[in-house]
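Got a structure for you, questions after.
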Amino acid sequence: MTYYSYLRELAEKEIIAGYTDTYFPEEYLYALSIHPVRIMSDEDEPHLADAYIQGFCCPYAKNLLEQALKNKLSFLSAVFFTRYCDSLRGVYEVWKTEKLSPYVGYIRYSQVTKDTAVEYLKEEFIHVFSDLARHFDRTLRPELLKEAIKVVNNKRKLIENLYKARKEGVLNIKSRDFYSIIFSSTYLKINDFLDRISKINLTAGNERKGIRVVLSATEMDNLRFFDLIDQIGFYLISDDLASGTRYFKDLVEEGGESLSELSANIARRYIKKPPCSVKEPSDRRIEELIYEVRSSEAKGVIFFRTSFCDSEGLEYPFIKERLEKEKIPHIYIESDHRLSNYQQIKTRLEAFYEQLGENI
Amino acid sequence: MGKRLKATESLKTLIKNYYDDFFKWSQEGKPVAWLNVGVPCEIFYAMDVFPFYPENYGAMCGAQKITPELSRIAEYKGFTSDICSYARANIGSILSKKGPVGELPCPTIQVETTNSCIMIMTWWRSVERICGSPTFTIDAPQVMLESDSYHLDYMEKELLRMIDFISEKTGKSFNEEKFREIVSISNEGKRLWAEILELRAHKPCPMNAGDIFTHMFPMVSLRGTKQYISHLKFLRDELKERIENKDFPVPDEKVRLLWDNLPIWFDLRLFDELEKYDAIFVIDTYTQAWGPRFMGIVDESNPIRSFGYYVGSGFLNVQIERRWQLLEELISQYSVDGLVMHSDRSCKPYSLVQPELARMAKERLNIPSIIIESDHNDQSGYDRDLVIGRIKDFIDSIKVRKGL
Ligand code: SF4
Ligand code: SF4
């Protein structure tokens with residue numbers, strides 16, 4: 001079942017809320033029995049969105065708007081934005097003004113990765129999710145939030161184990177198949193996700209051939225890209241993606257009883273987790289990328305930047321410098337989630353493959 | 001056309017003195033802080049730390065049309081060409097040790113606030129990595145209308161933490177008495193600025209947009225200093241004089257326009273050029289960011305908290321509801337006939353809501369808009385004739401609406 005059909009069917013039974021970046025604390029939705037879903041991109045051209053937002057809005061963010069304007073996301077009873085990047089901020093303003101979902105939530109998120117932000121963000125979480133609870137006639141109860149923290153922590157551990165198994169050579173499936181599973185964790189019900197994992201066919205092809213690489217980007221969820229990586233002969237062993245390793249690293253501390261204590265724990269995790277480049281300071285991101293390369297014995301890094309992504313545009317020179325210092329070969333690819341310049345990407349990746357092949 | 005203000009001459013001296021001081025401080029090894037425009041310079045003046053605004057410097061690069069050249073240097077280092085042209089110009093300047101005022105010395109410290117864009121934060125981070133200058137980020141989570149409750153408490157604490165950071169990194173202490181004096185001068189200047197902006201509501205309007213943008217410099221960099229007050233008084237009096245003497249840039253004014261977004265720094269003459277069509281830009285949204293609505297008159301009995309409020313509710317830290325309120329107020333106060341929205345490729349937070357705002361103006365107030373795409377600082381790809389042609393057509397259509 002596809003992403004859309006699965007969620008349309010699910011929406012008949014329960015409330016679904018969408019979010020646009022992985023700083024969204026899904027724990028609260030589990031506590032309110034609302035199913036959290038990360039809105040994924042699709043390959044539609046931005047025909048409708050063009051009338052609402054300019055061409056220099058990042059195409060990924062713009063695509064989410066396109067889907068909403070086309071009414072493809074009608075299964076979402078609520079959609080949440082956090083203060084993330086300036087393109088998503090623009091999309092949020094249109095979404096809210098045009099009332100593209102029955103409920104549009106916004107978290108006045110901190111941009112810093114410092115402890116000093118914990119107290120503030122805790123208050124903001126309580127404020128935002130109490131309002132959501134009222135809207136759906138529910139109550140935000142500490143015991144349910146405590147339980148939800150465990151549920152999400154377990155989900156993160158499970159995903160971490162999948163990555164470990166891949167690094168250890170136990171989960172030798174194609175990059176496309178691996179990432180299809182990883183991304184499905186952001187929209188499937190947990191039981192359905194477990195079911196999907198149990199069906200992984202470990203004997204199908206034993207594909208751990210190819211040159212091991214790590215993918216670094218904010219977000220890349222187009223499976224055609226992973227197909228291309230497979231076709232060229234790479235083996236994507238790990239990543240530095242918001243919905244990849246940055247999603248599962250660091251858990252919420254499970255102690256505490258009151259709403260305030262639990263919310264402080266949640267706030268701390270999201271503030272201290274491996275940062276995206278829209279957060280400050282972001283140094284840990286580079287360290288984590290190097291760690292992924294070293295721990296997986298990857299031969300190189302594919303750095304993918306979505307056009308008009310400001311924070312990555314400024315971050316890249318330093319990632320480049322650091323990778324060079326570490327003598328880790330890399331390639332910089334600039335495109336959009338639709339891979340508009342597919343042929344060019346393919347040619348460049350092929351050349352990178354050759355380059356890495358020569359170095360082995 | 002393009003009637004010049006006498007105050008523009010004295011402004012040149014003011015800018016020259018400021019840059020002379022900046023270089024002198026840097027050479028003498030006295031602390032210099034790079035700030036983004038949302039950070040209150042008053043606190044730095046009170047601590048004897050020289051406040052320098054790279055965005056202002058960026059505008060200078062724009063006006064001198066050297067941004068593309070500096071950008072190429074940044075791009076060579078790996079920075080991409082689609083990031084804000086202020087950042088490209090500044091980073092290119094640091095890397096090449098070239099620019100409109102010669103080599104730019106690295107700062108002692110940097111302070112920035114997240115109250116405008118993500119760009120600032122990553123730009124300051126880049127300078128920190130290049131220059132090694134310690135950086136403090138004033139975290140200012142975005143609000144809908146204004147800073148409130150726990151958000152305001154947080155903003156106040158952030159400013160107190162910033163003061164500790166400045167002391168720790170520069171060895172300078174916070175002088176409460178001096179600070180209060182500076183805040184009071186700063187407030188006086190803000191009142192003068194408000195008066196200047198209000199004088200533009202006069203029919204005919206005494207000052208076109210190019211001039212007000214030029215005269216923003218003291219509002220950005222000199223708040224709290226004596227020369228700031230004397231300059232603003234001079235400017236205010238000159239505008240009053242113009243009104244008394246009926247000496248207007250467009251005496252037979254027929255169309256009153258509003259400019260939304262940053263100006264096109266490399267083509268401030270654009271505004272003058274349009275005067276021949278009996279049109280004048282009577283107001284803009286950009287200079288409002290330093291006006292009483294956003295930078296505010298600080299509460300002198302509780303200045304840090306009050307600064308916290310205004311940083312938290314800064315012009316680009318509010319959401320579309322507040323941006324619309326502002327437009328609505330300005331349209332009415334200045335009898336605006338149409339909105340010219342500069343869709344600035346560099347500035348997403350300012351620009352990405354413009355199509356919605358244009359729609360609102362049409363639907364709610366029947367005010368027409370035109371959206372022109374350009375960049376505030378980088379002239380690459382700028383087609384002046386096309387821009388003028390489009391605005392002229394817009395002016396003509398307004399004349400038709402008005403039966404002129
Ligand atoms: S790719 Fe960059 S600009 Fe686009 S949504 Fe992600 S963070 Fe924002
Ligand atoms: S993106 Fe806009 S607000 Fe940010 S630095 Fe550039 S011009 Fe200023």
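What follows is calculated from the coordinates using simple rules that are stated; it is not laboratory data. None of these values were measured; they are calculated from a predicted model. Every residue, glycine as well, gets a Cβ built from its backbone with ideal geometry; the counts of neighbours run over all protein chains shown.
Which ³J(HN,Hα) values in Hz, rounded to whole numbers, follow from the phi angles of segment A:227-236 under the Karplus curve 6.51 cos²θ - 1.76 cosθ + 1.60, where θ = phi - 60° and Gly and Pro get x?
Taking θ as phi minus 60°, the curve returns 4, 4, 4, 4, 4, 5, x, 7, 10, 7 Hz for segment A:227-236.
Now for a different question. With everything on Cα atoms, drop me the angle between helix B:303-312 and the longest principal axis of chain B, reported from 0 to 90° to the nearest 10.
Value to nearest ten degrees: 60.
To continue, here is another question. Residues of A:16-24, mean number of Cβ from any other protein chain within 10 Å of their own Cβ, rounded to a whole number?
Other-chain Cβ atoms within 10 Å of each residue's Cβ, averaged: 0.
Could I ask something else about it? Based on the alpha-carbon gyration tensor of segment A:1-98 and its eigenvalue square roots a ≥ b ≥ c, which shape applies: rounded if a/c is under 1.5, prolate if not and a/b is larger than b/c, or oblate? If you can, show how the numbers build up before the last one.
Values: a/c = 2.17, a/b = 1.42, b/c = 1.52.
Oblate shape, in that a/c is at least 1.5 and b/c is the bigger or equal ratio.
Further question: What's the average, rounded to a whole number, of partner chain beta-carbon atoms within 10 Å of each residue's beta-carbon in A:55-66?
2
When only Cα pairs under 8 Å and 6 or more residues apart are kept, what is the percent relative contact order across segment B:142-301?
Computed value for segment B:142-301: 28 percent relative contact order.
In segment A:72-181, what trypsin sites (Lys or Arg not before Pro) fall in a loop by DSSP, with at most 12 other Cβ atoms inside 10 Å?
Here the sparse-neighbourhood loop sites are A:LYS99.
What are the semi-axes of the equivalent ellipsoid of chain B, taken as the square roots of 5 times the eigenvalues of the Cα gyration tensor, listed largest first and rounded to whole Å?
33, 24, 21
Sticking with this structure for a sec: Once you have a ≥ b ≥ c as the square roots of the Cα gyration tensor eigenvalues for segment B:20-170, tell me rounded if a/c is under 1.5, and otherwise prolate or oblate according to whether a/b is larger than b/c.
oblate
Same structure, new question: What is the distance, in nm, between label points placed 7 Å from the Cα along the Cα-to-Cβ direction at A:HIS127 and at B:LYS24?
A separation of 4.5 nm, rounded to one decimal place.
What FRET efficiency do you get for A:LEU158 and B:GLU253 if R0 is 60 Å and r is their Cβ-Cβ distance, rounded to the nearest 0.05?
After rounding, the FRET efficiency stands at 0.30.
Among B:ASN317, B:VAL340, B:ASN302, whose Cα projects farthest towards the positive end of the dipole of segment B:302-404, with charges put on the beta-carbon of Lys, Arg (+1) and Asp, Glu (-1)?
Checking the options against the dipole of segment B:302-404, the answer is B:ASN302.
Just want to confirm a number: the relative contact order over chain B, from Cα pairs under 8 angstrom separated by 6+ residues, in percent.
Relative contact order comes out at 20 percent.
Using DSSP to call loops (not H, G, I, E or B), can you name the trypsin sites (Lys or Arg not before Pro) in segment B:164-257 whose Cβ has at most 13 other Cβ atoms within 10 angstrom?
When the trypsin sites (Lys or Arg not before Pro) of segment B:164-257 are filtered for loop state and at most 13 Cβ neighbours within 10 Å, B:LYS246 remain.
Please check which bits of segment B:267-310 a label hung off B:ASP385 would reach, taking the label as a point 7 Å along Cα-to-C-beta and the cut-off as backbone N under 20 Å.
Counting only backbone N, you get B:267-277.
At what distance in nm do the modelled label points of B:GLU300 and B:GLU146 sit from each other, each positioned 7 Å from its Cα along Cα→Cβ?
Going by the 7 Å Cα→Cβ label model, 2.1 nm.
Note down the net charge around B:TRP123, summing +1 for each Lys or Arg and -1 for each Asp or Glu among other residues with Cβ under 12 Å from its Cβ.
Here the charged neighbours net out to -3.
Here is a further query. Between 0 and 90 degrees, rounded to the nearest ten: what's the tilt of helix A:259-272 against the longest Cα principal axis of chain A?
The helix A:259-272 is inclined about 20 degrees to chain A.
Helix B:54-63 sits at what angle to the longest principal axis of chain B, using alpha carbons and giving 0 to 90 degrees rounded to 10?
Once rounded, one gets 40 degrees.
Averaging sequence separations of C-alpha pairs under 8 Å and six or more residues apart, then dividing by the length of segment B:42-129, give the relative contact order as a whole percent.
After rounding, I find 23 percent.
As a test of the formula, what do you get for the protein assembly as shown when each DSSP H run with n ≥ 4 contributes -39,500 (n - 2.57) and the sum is divided by the residue count, at 222 nm and rounded to the nearest 500 deg cm²/dmol?
Result for the protein assembly as shown, helices only: -16000 deg cm²/dmol.
For segment A:286-341 and segment B:346-377, what is the separation of their C-alpha centers, rounded to whole Å?
35 Å
Taking K and R as +1 and D and E as -1, what net charge do the other residues with C-beta under 13 Å from the C-beta of A:THR116 add up to?
On the way: positive: A:LYS114, A:LYS122, A:ARG268, A:LYS272, B:LYS157, B:ARG161; negative: A:ASP115, A:GLU119, A:GLU280, B:ASP139, B:ASP153, B:GLU156, B:GLU158, B:ASP164.
Computed value for this residue: -2.
Additional query: With label points built 7 Å along Cα→Cβ from the Cα atoms of B:SER332 and B:ILE243, find their separation and express it in nm.
It is 2.0 nm.
What shape does segment B:75-114 have by the C-alpha gyration tensor, where a ≥ b ≥ c are the square roots of the eigenvalues, rounded means a/c under 1.5, and otherwise prolate means a/b greater than b/c and oblate the rest? Numbers along the way, then the final one.
Values: a/c = 1.95, a/b = 1.09, b/c = 1.78.
In terms of gyration-tensor shape, oblate.
Counting other Cβ atoms within 10 Å, which trypsin sites (Lys or Arg not before Pro) in segment B:17-93 have at most 10 and lie in a DSSP loop?
Taking segment B:17-93 and a limit of 10 other Cβ atoms within 10 Å, no loop trypsin sites (Lys or Arg not before Pro) are found.
Determine which lysines satisfy two conditions relative to A:LYS99: a Cα distance under 30 Å, and not lying fewer than 8 residues away in the same chain.
Hits, sequence-local ones excluded: A:LYS13, A:LYS62, A:LYS70, A:LYS72, A:LYS122, A:LYS189, A:LYS279, B:LYS348, B:LYS362.
Right, another one. Per residue of A:233-240, what is the mean number of Cβ atoms on other protein chains within 10 angstrom of that residue's Cβ?
0
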